[in-house]
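To start, the structure under review is shown below, and the notes come after it.
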Number of protein chains: 2
Amino acid sequence: MRVSQFFISTLKEAPSEAELPSHKLMLRAGYIRKLASGLYTWMPLGLRVLRKVENIVREEMNKSGGIELLMPAVQPAELWQETGRWAVFGPQMLKIKDRHDNNFCFGPTHEEVITDIARREIRSYRQLPVNFYQIQTKFRDEVRPRFGVMRAREFMMKDAYSFHADYASLEQTYQAMHDTYSRIFTRLGLQFRAVAADTGAIGGSGSHEFHVLADSGEDALAFCPDSDYAANVEMAEAVAPAAARAAATQQIQKTITPGQRTIEEVAAFFATSAQNVLKAIAVVTHEDEFVLLLLRGDHQLNEIKAGKLLGEFRFASDDEIHRNMNCRAGYIGPVGSKVRMLADRAAAAMSDFVCGANDDGFHYTGVNFGRDVQLGDVHDLRNAVAGDPSPDGKGTLEICRGIEVGHIFQLRKKYAEALNATFLDAQGKTQVMEMGCYGIGVSRIVAAAIEQNYDERGIILPAAMAPFQVAIVPIGMGKSDAVRGAAEQLYTGLVEAGIEVLLYDRDERPGVMFADMELIGIPHRIVIGERSLKEGNVEYQGRCDAQAQSIPLQNAPEFVKSKLCN
Amino acid sequence: MRVSQFFISTLKEAPSEAELPSHKLMLRAGYIRKLASGLYTWMPLGLRVLRKVENIVREEMNKSGGIELLMPAVQPAELWQETGRWAVFGPQMLKIKDRHDNNFCFGPTHEEVITDIARREIRSYRQLPVNFYQIQTKFRDEVRPRFGVMRAREFMMKDAYSFHADYASLEQTYQAMHDTYSRIFTRLGLQFRAVAADTGAIGGSGSHEFHVLADSGEDALAFCPDSDYAANVEMAEAVAPAAARAAATQQIQKTITPGQRTIEEVAAFFATSAQNVLKAIAVVTHEDEFVLLLLRGDHQLNEIKAGKLLGEFRFASDDEIHRNMNCRAGYIGPVGSKVRMLADRAAAAMSDFVCGANDDGFHYTGVNFGRDVQLGDVHDLRNAVAGDPSPDGKGTLEICRGIEVGHIFQLRKKYAEALNATFLDAQGKTQVMEMGCYGIGVSRIVAAAIEQNYDERGIILPAAMAPFQVAIVPIGMGKSDAVRGAAEQLYTGLVEAGIEVLLYDRDERPGVMFADMELIGIPHRIVIGERSLKEGNVEYQGRCDAQAQSIPLQNAPEFVKSKLCN
C-alpha cells in the first residue's frame, strides 16, 4: 500500500478525555475516531488491525470445529421474556420499539436467539454436539463508556454457543474452546492468562476468563507460579492461615483515640501494623438485617464472596451504624456487640488485636477471640493477596492485573430449559440439551494488545496484528530519482513476495515520516536516503531496536523476509 | 467440509408465507431462518454464500482504490438534525433512545457520519479525492418486510462515499465505481443491467441503478438493444411520436355509454382500441389545485414525472371530481373543461379520439385537439413502453424486469454544504467538497442471484457464489469399505487441491442426498457407488446437466478441476 492511496491521519496530541495509553495511542495513530460516547469509527488503519484479529479468531474457531453463522443484531423481546432476562438484564440492554410499537433490543448477547434456533433445528442426538459461532457487532449501553474501544457501547464480539446431548460432551467442547482460546492469544502474540471466574449475569456452572496481562487492567488476577492455579481475585479462595491462632498474651484495654478512625490512623496511633487491627464493616442485607463483617486491617472485603453468603447487600449508612452500634463508623467493633457477625478466616486467626470500642473516640487493644468476644461464623470474605498460600496447596499466590478479552461458560441447561430446547436421545427419550457459550471481545483485543505493547513513541503491535509489516521511508523522493527508483523497486519486490508493506510516498520531512511510522506500530522500517544509497545501502531498524543498521539494498528483500520469519 | 461436521438443515416444504422462489428456496435449503418479521439468521450454508459476495465486493472495491473503514451502526440524532434528515427520513429510520434518553438511530445509511469524518479529517486538496467504504449491517424499518432477505429490515450493505475537490474528479470516481460495479456483477456470474435512475431520498444529481435481471423483479427497466440506452422506467423518457398529429376526419359526437367507465369498457363499446381513447386522470396538488392529466388510453401515468411537474400531488377523490367536473370519474374529459390540463406527448398526437363527455353516462367520439378542445401544456407524463423510440434516437425500447442490487449517486454538495465539509484548495481558498455515494445490497444479491438461477429441484448458483463447488455423494458408505475409501481419497485429493468440496458422509438414502445437494445449489456432483466402482468409475453430473456421465475414479480430480476452470 502507498501512503498516497491510503488514509493515514495521525495526531500530535490525543484529546484530553483519553486516559489509558491504548486509548490515547489509538486516537493519535488514527486507528479510531469517536462518533459519540462509546461509539467509534474504525478508521482504515485500525480496521486492518481489527480484521487481523477477526481472521485469526475465525481460523482457530473453524479449526476447532466451530460452524459460523450470523444472527440478526436486532432481537424480538418475546424470546427474552421466555427466559425472563427481558426484565432482569437491566439498562445495559438497549431496548428499541419498531414502527409498529413492537419491542426489540439491539442484542447484547445471543443465548436466546441461538437456543431458539437449536430448539427448531435440532431433533436428534445424531445432530449433537454442535458449536455455532458468529463474529458480530454487539451493543451494550454502558453507564459510563470509557477507555475508547476498551469499554465501548458498540463493539465486535465473537460469540460461540455449543449444544450437547450430555455433560461429558459439554466438558469436552469446553476444554476444546479453552485450548482454542489459548491458541488464539498465542498466535496474536499476546501475554495472557486463563483464570477461573465468576459466571455473573450469564449464569451456569463453571467459567474461565482469558486476560491480556497489563498493568492498567481492570481485573486483579491471583495465580500460583508453582502450579496451574489461576483465578480472578473475585473468585480466588483466600485460604485460612496455616498456623493456628496464637494464645492471648495481653489484657484487653480501652484507650482514648480521638480523631483516629481509619485502619491506618489507628495502626499508627498504636505503633503497630494494620495486620494487628481488626476491620469491622457494617452492611445491611436485602432483608434489612444489620451485619458486621470482620477482616484483618490489611485485607480487602470481597463483595462477590460476601454476596454469596448474604445475598444482595449494601453498606450501612452512618445513621444505621449509629442506631445499631451506638457510635460512629470509625469506632465500631465486635466486643459487646449484639448484631450478627461474620469473620474472615484471617481475622479469625488474629490475637492480641486492636479494634473499635463501640464508643466514639475509643479503641480496645489486646483483644482476643473466645476470651473477649465470641467468634461467630468464619468464612472466606476477603480478596486473596500476594503471598497467600495457593488454594491448591502448591505454593504461594502472586497477583497481576489483566484485561478480560475472553470468557467461556458452562451454561448447562439454564437456557435450554427456559426455551425448551430438547432432542431425542438414542433411546428415543426427550432430553434437554446441555449448553456452553464462549465469547471473545474482538475489538477490545486491539486495545488490550496496545495496552500491553507500547512505548513513548507509540504503538508496538505483535507482528500478527500489525497493520503493515514493513514501512519503506524514502528521504527526498521528490528530488532524487535514485531514491525514488530504489524505493519503488524495493516496494514492488516486497509486494510481490506477499509482504504487507507501506510505502511512504508523500514527500514529508524525515522526522514526520519516522514519527508516523513509529506511532502507528509498524514492526520493521527501511529508510532509503541518497547518501547511503550511493554506497548501495539502506537503513533497517526494527520498531524496538535501539538503532538502525546499514544493509545492502540488493539484500533488503531477503533481509526483511528473514526478519518476518523470526 | 464433511456434512457430519457441518450443519445442513433442509426442508421439504417452504413455509406458506414465502412467495418468491428465492425466498422459498433459501428457507428450504437452510440458507436462512426467520427470527422475526424482516429479521433473518444466515445459517452456515447461506453465510458461506453471503461471504463470497462480500469478498468479491471487497476485492473489487480495493482494486478500484476504495479504502475500507467501519462506522458505528448506532448514530447520534445530532448529525441527522444538521442535515435536516432526522425529520424527513420517515419511519423507515429506526429511532432509539439510550439509557440517558439521548436520541440515536440504527443507521439506515451513513452520509452524515462519513461527512462528519471528512470535515474533521480532511483539510487540504492534497488529501482529495478519497473513496471510503464499509461493509456493514444496516437497518431499515420497512412497513411490510417481505420476500425474505430481498426486502429485510436488517441487511448487509456495502456503502462507499467519495469526496472531491471538484466535479471533474467526482465524475471520474463515479465512472470508476460504475465500472467496478460492472466487474463485481460480472465476477458474480449474474446477468445484470445498469440503468439511469431517479435519486429519490438520497438526493444529488446523476444516478444509476444496477439490476439483476429476473422476471420477478420489482422494477421495470427500459433499454435499447441497439445502443447503450438504459433507464429505470421511472426515469426513461417517453419521446413524442415521430409522426405529426393526423388531421381530423370525424365530427365530434356525444354518445350515451351507460355503465362504460374504464378505458377497456369504452374501447370495447366503440369497437376501437385503447390507443384511441383519451385517459383523463384527476389529481390535486399540494396547493390544492385540481388538475387533469391526459394520456393515451393504453399508457400508464408515471407518477415521478408528474411529481417533477406538479410537486407533491395525490389522486382526486370522487367528491373532488364531482365538484370540479360535475360528473363521475368514468366520464370526465377535456372538452369544455375549465380546469388546468397537462397532456402527455402521445396524447397530444391523438386525433379523432374518444373521451369522457363530463356528463354521467356519456362519451364523445371524433374529438380533435385545436378544433374541439384547446391543447394545454404538453409534457412527458407516461411510462415508456416496449416499442417506443429510444430517447437516444438509435432504435426502439424494450422492457425487462430487474432487482435493484446497486445504486450510485452524484450527491454533489448536498451533504458537504449542510455539514460544512470544506477544504483548502491549491490557492488556499476554502471550498465545499463534492461528494458521491455508492451502495450495493450485499445480502440482497444472494436472493437476486437465486431469483435468476433456479429450477424445480432447487438453487443453481453461479460458481463464484456457490457454497461449495463439488459434492461427493458416496452410496452405502456405511456398508462398503471400497466406497468409503474411494470417497475419502477423492475428498482428500480435492481438498488438497484447494477445491471447496462437501463430502456427504452421513449414510442417508441416495434420493435424500441427491435432493439435498441439488436443493442447496452445488454446481458439480460426483456419485460413488459400489457397482461402477468395480469398473473403476464414478458418476459425474453438473447441476444443469440432463444426465450423469461415467468417469474413471483416478481421473476424477483432474476432471473436476477442468470443470471448475470453465
TODO: Evaluate E = 1/(1 + (r/R0)^6) for B:Asp219 and A:Glu417, where r is the Cβ-Cβ distance and R0 equals 35 Å; express this FRET efficiency to the nearest 0.05.
DONE: 0.10
- [ ] Among the lysines, select those whose C-alpha is under 22 Å from the C-alpha of A:Lys479, and discard any that sit fewer than 8 residues away in the same chain.
- [x] A:Lys534
Open item on the list: Nearest 10 degrees is fine. How inclined is helix A:167-187 to the longest principal axis of chain A, computing both from alpha carbons?
Closed with: 50 degrees
Open item on the list: Can you compute the modelled spin-label distance between A:Gln92 and B:Cys565, with each label point 7 Å from Cα toward Cβ, in nm?
Closed with: 5.6 nm
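Identify the GluC sites (Glu not before Pro) of the stretch B:133-231 meeting these criteria: DSSP loop state and at most 13 other C-beta atoms within 10 Å of the C-beta.
B:Glu218
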Open item on the list: Longer than 21 Å from Cα to Cα, which of A:Lys308/A:Lys414; A:Lys254/A:Lys338; A:Lys138/B:Lys158; B:Lys63/B:Lys138 are they? Say none if no pair is.
Closed with: B:Lys63/B:Lys138
TODO: Could I get the Rg over Rh figure for the stretch B:1-148? Both from C-alpha atoms, Rh via Kirkwood, rounded to two places.
DONE: 1.05
Open item on the list: Full-extension gain between A:Ala463 and A:Gln5, please, as 0.36 nm times their residue separation minus the C-alpha to C-alpha distance.
Closed with: 162.6 nm
TODO: Return a whole-number percent for the relative contact order of the stretch A:468-565, with Cα pairs under 8 Å and 6 or more residues apart as the contact set.
DONE: 31 percent
TODO: Kindly identify the stretch A:51-133 as rounded, prolate or oblate by the Cα gyration tensor criterion: order the square roots of the eigenvalues as a ≥ b ≥ c, call it rounded if a/c is under 1.5, otherwise compare a/b with b/c, prolate if a/b is larger, else oblate.
DONE: oblate
Open item on the list: Please compute, for the alpha-carbon atoms of the stretch B:253-379, the extent along each of the three principal axes and give them in descending order in Å.
Closed with: 38, 29, 25
- [ ] Take every residue in peptide A:60-71, count the Cβ atoms of other chains within 10 Å of its Cβ, and give the average of those counts.
- [x] 4
- [ ] Shielding by partners for A:112-124, please: the mean number of other protein chain Cβ atoms within 10 Å of each residue's Cβ.
- [x] 2
TODO: Note down the Stokes-Einstein diffusion coefficient of the stretch B:205-321 in µm²/s, whole number, using a Kirkwood radius over alpha carbon pairs, 25 °C, and 0.890 mPa s.
DONE: 139 µm²/s
Open item on the list: Take A:Arg509 and B:Asp425, extend 7 Å from each Cα along the Cα→Cβ direction, and tell me the distance between the two endpoints in nm.
Closed with: 3.0 nm
- [ ] Counting other Cβ atoms within 10 Å, keep those with at most 16, restrict to DSSP loop, and tell me which GluC sites (Glu not before Pro) in the stretch A:13-105 are left.
- [x] A:Glu13, A:Glu17, A:Glu19
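What are the trypsin sites (Lys or Arg not before Pro) within the stretch A:325-394 that DSSP puts in a loop, where the Cβ has at most 10 other Cβ atoms within 10 Å?
The qualifying sites are A:Lys338.
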Task: Rg over Rh, two decimals, chain A (C-alpha only, Kirkwood Rh) - done: 1.07
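Relative contact order of the stretch B:39-150: what whole-number percent is it, with Cα pairs under 8 angstrom and at least 6 residues apart?
So the answer I get is 34 percent.
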Task: Anisotropy class of the stretch B:470-565 from Cα gyration tensor, a/c 1.5 cut - done: rounded
TODO: Taking the Cβ of A:Gly387 as the centre, find all other residues whose Cβ is under 14 Å away and add up their charges (Lys, Arg: +1; Asp, Glu: -1).
DONE: -2
Task: Residues of type lysines that A:Lys24 reaches as a straight line, Cα spacing below 23 Å, ignoring anything fewer than 8 places off in the same chain - done: A:Lys12, A:Lys34, A:Lys52
- [ ] Within the set of other residues whose C-beta is less than 13 Å from the C-beta of B:Arg119, count the net charge using Lys and Arg as +1 and Asp and Glu as -1.
- [x] -2
TODO: Calculate the tail of P(r) for the protein assembly as shown: the fraction of all Cα-Cα distances greater than 51 Å, expressed in %.
DONE: 41 percent
Task: Ellipticity estimate at 222 nm from DSSP helix runs (n ≥ 4, -39,500 (n - 2.57)) divided over chain A, nearest 500 - done: -8000 deg cm²/dmol
Task: Using alpha carbons only: equivalent-ellipsoid semi-axes of the stretch B:164-256, gyration tensor based, whole Å - done: 38, 19, 14
- [ ] Only bridges with both residues in the stretch B:253-379 count here: give the DSSP antiparallel percent, nearest 5.
- [x] 65 percent
Task: Neighbourhood charge, 13 Å Cβ-Cβ cut-off, centred on A:Ala482 and excluding it, Lys, Arg +1 and Asp, Glu -1 - done: 0
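Computed from the coordinates by the stated procedures, all read-outs in this text should not be read as laboratory data. Source: prediction; values computed, not measured. No Cβ is skipped: glycine too gets one built from the backbone with ideal geometry, and neighbour counts run over all protein chains shown.
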